[in-house]
Each structure stands twice: as structure tokens, then as C-alpha cells.
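Data block below; observations after.
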Amino acid sequence: MMNAQSATAAQTTPEQRAVEDDLVARVVASFDDTADPRLRQVMQALVRHLHALIREVRLTEQEWTAAIEFLTSCGNITDGKRQEFILLSDVLGASMQTIAVNNQAYANVTEATVFGPFFVDDAPRIPLGGDIAGGAPGEPCWVEGTVTDTDGNPVPGARIEVWEADEDGLYDVQYRDGRVSGRAHLFTDEDGAYRFWGLTPTPYPIPHDGPVGALLARAGRSPMRASHLHFMVTAEDLRTLVTHIFVADDALLDSDTVFGVKQSLVKDFTRQAPGVPAPDGRDLGDRTWSRARFDIVLAPASTRRPEGPRHQG
Ligand code: BEZ
Ligand code: FE
């Protein structure tokens, strides 16, 4: 297989390459006086990589116009509730790559994964053992665990935000009727323990009725996400963790469309037969329910990158 450099070399004369090299050098140099050194570094790298892409594939003018039209349609469908650029970043793996760069493995710390577009500030507070469902349909699921630091010390008072789709594959905000369901926050007790009722996660597609969905369709890619339950955990002097847990044996674990699955985050959601007593004595009648355990280890805040986590994508 030809690499990028040799493909370019094979299709261009030395004179043509010199013209193209000269343009790259002049555009890179045009950012030399950028006062913010980080902006200068990022913009100059962007120019180099963008030009390398154009040159590698010998991009046609029609293709460049189509690319601009695609980005324009991403902008046109984006509003306060719909963020097509985050979806684009997610399906290109850019969100997960940024997470990888900013959450390097540290001791036994719980791994991070993609934030997604459905987090909402100010979700209701529930007591320990409370229910996040808020009327959302689905099989009840008991979730419990602890929050500790890397030395195994419990973290009392850690704030845990949890959110998930209902069994129809929709988050509350997707109904656009103002409902608040399938989300809440709670705090760990003095032993760093937490527990709540949620819903057994089910698979669902990312919003795919826009330009990103059209791109996936043209690429023959599925828009489906593996079943998951989102967490964001914050505690003083510790690094904020944004992650999810996934359901063991889910057929979509290997094809999650945003590349979010990490083996350490795959958990058993053990199905319980009707009549099996619930841990808190809740009467579930003739319904099945499930239970999962997720013990969370937070890194010291000192391992955070200078700007702190960016909760995007
Ligand atoms: C989600 O987990 O809800 C999600 C993540 C990325 C893109 C779309 C949805
Ligand atoms: Fe999700």
C-alpha cells in the first residue's frame, strides 16, 4: 500500500510539489505572529494536516464544495437542543481520541468515555436508594457501588450525576415536552457508597436524521450505540470522571458507533426473576428487574490537564 507521501509523489511533478509546499509554508508562516502560543501551535498544525489531506487524496473542487455544504448543514440543524458537530466529532472518533489524550491511564483509576449530547445541568437530587426513572418506561435496575481514591480511601459526599435513555431509546430531552426523567444526582454516604434505582440500559441510535446520519448511511455504518448508563462523578481534590457502564453480552459492544466502549466499563447487569426480593425491599410485583455494581476510582486532581476536563462530545 502506498503511504500519503508516496501517493502525492507519484501523482505530481517536482515543480507541482514545490508550488504546493510553498503554499503550505506561507500559510503556516501567516500564523507566526499569533500572540497566544497555544493558538499558534494548534493553527499551524491544523494548516499542515489539512493541506496534507487535500494533497494526499488530490481533492477536487467539487468535493471541497461538498465538504463545505456538509459542514453548513451541520450548522443549520444545530440549535440549543441539537448539536450536530458533537455527533460528527463522536462518529469520527475525535471525541474519544481527545478523551484518551486527556485521561491517560493512572494507577487503578476508572476509565473515562464519551460525554454525549444528553447531559442536563440541574437534574433532580435523589436520596441514596432513590429512583432516577421519574416515570421513564423500562425494566427497573438496582445500581450500587463505591467511590474511592487510588489508595482505596472512601470518598464521602462525591456528587454522582446519572442519566440514561428509556426503553424506547430516547432521552427525556428528545421528547421536547419538558419532561425530566431518566436522570438525577445523588451523593455518596460516609463510606463512599452509593445506590439507586435506574433502568436496565437498552441500545439506541444516536440522532441520525441529519447530515451525520446521512454520512453514516453512505458509509454503511450503523448509528447504534451499545446499551449504557452515563455517570459524571465530581469530588473535591479529585479529577472529575465522565464515563458510562455498558451491559455485558450486548451484541453492539464491538460496533458502538462513537467508539465509546472500554472493556473495564462492561458490567454484568444480572437479571432477577419476578419475586426475587429487592435489596431495599421495594415491591416489584410480577416484574423482572436487574442489578449491577460499579466501583469507581477517582484520580487526584493533580493529574488533571491545566484547563481541566472539557465536558463535550
Ligand atoms: C449518548 O451516549 O447518548 C451519545 C453519545 C454520543 C453521541 C450521541 C449520543
Ligand atoms: Fe447515552
Cα-centre dipole for segment 214-313 with unit charges at Cβ (Lys and Arg positive, Asp and Glu negative), debye to 20: 360
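About the Cα centre, and with charges only on the beta carbon of Lys, Arg (+1) and Asp, Glu (-1), how big is the dipole of the chain? Nearest 20 debye, please. Working shown, then result.
Working: 29 positive and 45 negative charges, 84 e Å.
With Lys and Arg at +1 and Asp and Glu at -1, about 400 debye.
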Taking the C-alpha atoms of segment 195-245, convex hull volume expressed per residue in Å³: 118
Largest-first ellipsoid semi-axes for segment 97-242, taking √(5λ) over the Cα gyration tensor eigenvalues, angstrom: 28, 21, 12
Which of Val155, Trp142, Ala18, positive extreme of dipole for segment 1-158 (C-beta unit charges): Ala18
Computed lengthening from Arg179 to Ala52, 0.36 nm per intervening residue step minus Cα-Cα distance: 41.0 nm
Å³ per residue enclosed by the Cα convex hull of segment 81-166: 144
Protein accessible area in segment 197-283, 1.4 Å probe - carbon and sulfur %: 51
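How much FRET efficiency would the formula 1/(1 + (r/R0)^6) give for Asp151 and Gln263, where r is the Cβ-Cβ distance and R0 is 22 Å, rounded to 0.05?
On the way: r = 24 Å, r/R0 = 1.09.
Approximately 0.35, to the nearest 0.05.
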Rough spin-label spacing in nm, given labels placed 7 Å along Cα→Cβ, for Ser73 and Asn108: 5.0
Simple label model, 7 Å out from Cα along Cβ direction - Ala248 to Ala94, nm: 3.7
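Would you mind getting me the FRET efficiency between Glu61 and Ser302? Use the beta-carbon distance for r and R0 = 41 Å, nearest 0.05.
Working: r = 50 Å, r/R0 = 1.22.
Result of the calculation: an efficiency of 0.25.
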Principal-axis tilt of helix 37-56 within the chain, Cα atoms, nearest 10 degrees: 70
Given charges at Cβ of Lys, Arg, Asp, Glu: the chain dipole, positive-most of Phe115, Leu59, Met43: Leu59
Approximate spin-label separation Arg17-Phe31, in nm, with each point projected 7 Å along Cα-to-Cβ: 2.4
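Taking the Cα centre of segment 1-153 as origin, work out the dipole magnitude from +1 charges on Lys and Arg Cβ and -1 charges on Asp and Glu Cβ, in debye rounded to 20.
Working: 10 positive and 22 negative charges, 69 e Å.
The calculation lands at about 340 debye.
The values are calculated or read from the model by the stated rules, or taken from the named source; none is laboratory data. What you see is a predicted model, and the numbers here were worked out from it, not measured in a lab. When we count neighbours, we look across all protein chains shown, and the Cβ atoms used for this are built from the backbone with ideal geometry, even at glycine. Accessible surface areas use protein heavy atoms only, side chains included; no ligands, DNA or RNA. Shrake-Rupley method; radii C 1.70, N 1.55, O 1.52, S 1.80 Å.
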